[in-house]
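The values are calculated or read from the model by the stated rules, or taken from the named source; none is laboratory data. It should be emphasised that the depicted structure is a prediction, and the values quoted were computed from it without experimental measurement. Glycine also receives a Cβ, built like all others from the backbone with ideal geometry; neighbour counts cover every protein chain displayed.
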Amino acid sequence: MASRQALRGITPAPTGNPGGRRSLPRPGGEPRVAPALRTAAAYAWRILVVGALVYALFAVLGRFHEIAVAVFLGLVITAMLRPVTDILGRLLPRPLAVALTLIGSIVLLLGVLALVGGSVAGESTGLAREFRTGVGRIERWLQQPPFRLNPGALTDLQSRIGQFLSSHRSTLISTAVSGAGRVVEVLTVFALALFSSVFFIHSGDRQWGWFCDQLPPAARERALIAGRAAWRTFTGYTHGIVLVAATNAVLVGVALFALGVPLAVPLALLEFFAAFIPLIGSPIALAIAAVVALAAKGPLIAAMVVALIVIIGQIEGHLLHPIVMSWAVRLHPVVVAFAVIGGAIAAGVVGAVVAVPLVSVLWSVHQALHPAGEPGSTPKASP
């Protein structure tokens, strides 16, 4: 047969696709799709679906952000106070244990705020004098090399600021009134969070069990597994971040007090709350402390505070987070960075605070529902 084709000048079609020649269509007329393109298309539509769901979730949270923030704060309070309530519950009735835990926590918080207010009030007279002296020192510093700023520029700047404040007095008053409205809104959110935490602490496990019982039997077991994994990760993250924030606040407070920087206690408290925003919160708080040190103590002390930013960042990044947070949150630093920036873009400061625990919880749920070795799970790379 081959010899007859050779005699007629016809060569058989080569197998494969040498030389990059175009592949023949399938018998049904459909073009052949490369496996890599088919896999990319499969992942593409899944990514689009996930992106649409995330956008819808943030849109719903944006419409009801007060309720979402209140529930989140209620869960944070529950994660912090539930262990204390469980210890007291062994000796007292559960409702009494919940009441004592919440009342004691509120008294402790009010005591800290009173300490901060007393510190600010006690230093107010000397602080105003130091700031006036510091501002004059900064002006003289800017007039010297290498800046060589014109002395009249600063005086002109102060007069312009005064003119701006006098000409926009009505706008500033309306802004202050709207700010007072925001304070009422914040207090309402905190009240709702406290109200929710009472029930979460008292019987949160029974509430989650009731919710799972309403699901179809096929999804009930997976919901229980996901709930346990999510709560374990959330409580671990909450305890870890509070421990990291408290350690940072103590280090900053001791360092500022040793350097003689005024408002050491309020700045340490600011560092505590700023540490809840990973990567960027602590440097911002310490930058504010550096500005205070510059105005009160001069450039040398301010430079030492700037050096403190680097030292605290190294301790937090290489010691505290690996030891305290690794057992609760297993996320790559790049993922944490993108989560914080994405949350800040989507919902401001609240989004930056919520982003990392949200991503951590979602990842832990995925790992719990798809453990290593099961279909659909990603195999772990060998070391």
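Every listed requirement among (1) surrounded by fewer than 16 Cβ atoms within 10 Å (Cβ to Cβ); (2) among the small types (Gly, Ala, Ser); (3) without any contact (Cβ under 8 Å) to a residue 60 or more places away in the chain is met by Ala268 save one, (1).
When Ala223, Ala193, Ala246 are screened for being assigned by TED's automatic domain parsing to the domain that holds Val76 and either surrounded by fewer than 16 Cβ atoms within 10 Å (Cβ to Cβ) or assigned to a helix (DSSP H, G or I) (or both), only Ala193 passes. Within the option set Ala303, Ala295, being small (Gly, Ala, Ser) and modelled with pLDDT of 85 or more holds for one residue only, Ala303.
If I ask for residues that are at pLDDT below 80 and either charged (D, E, K, R) or surrounded by 13 or more Cβ atoms within 10 Å (Cβ to Cβ) (or both), which ones from segment 353-383 would you list? Explain how you work it out, then say what you get.
Applying the first criterion (at pLDDT below 80) to segment 353-383 yields 371-383.
Glu374, Ser377, Lys380, listed by residue number.
Conditions (1) part of a helix (DSSP H, G or I); (2) in contact with a Leu (Cβ under 6 Å, 6 or more places away or on another chain); (3) at pLDDT 55 or above; (4) among the small types (Gly, Ala, Ser), marked per residue:
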position: Leu24; (1), (2), (3), (4): no, no, no, no
position: Val33; (1), (2), (3), (4): no, no, yes, no
position: Ala44; (1), (2), (3), (4): yes, no, yes, yes
position: Val69; (1), (2), (3), (4): yes, no, yes, no
position: Gly74; (1), (2), (3), (4): yes, no, yes, yes
position: Ala79; (1), (2), (3), (4): yes, no, yes, yes
position: Val84; (1), (2), (3), (4): yes, no, yes, no
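Of the set (1) among the β-branched types (Val, Ile, Thr); (2) exposed (fewer than 15 other Cβ atoms within 10 Å of the Cβ); (3) more than 22 Å from Gly117 (Cα to Cα), all apply to Val254 but (3).
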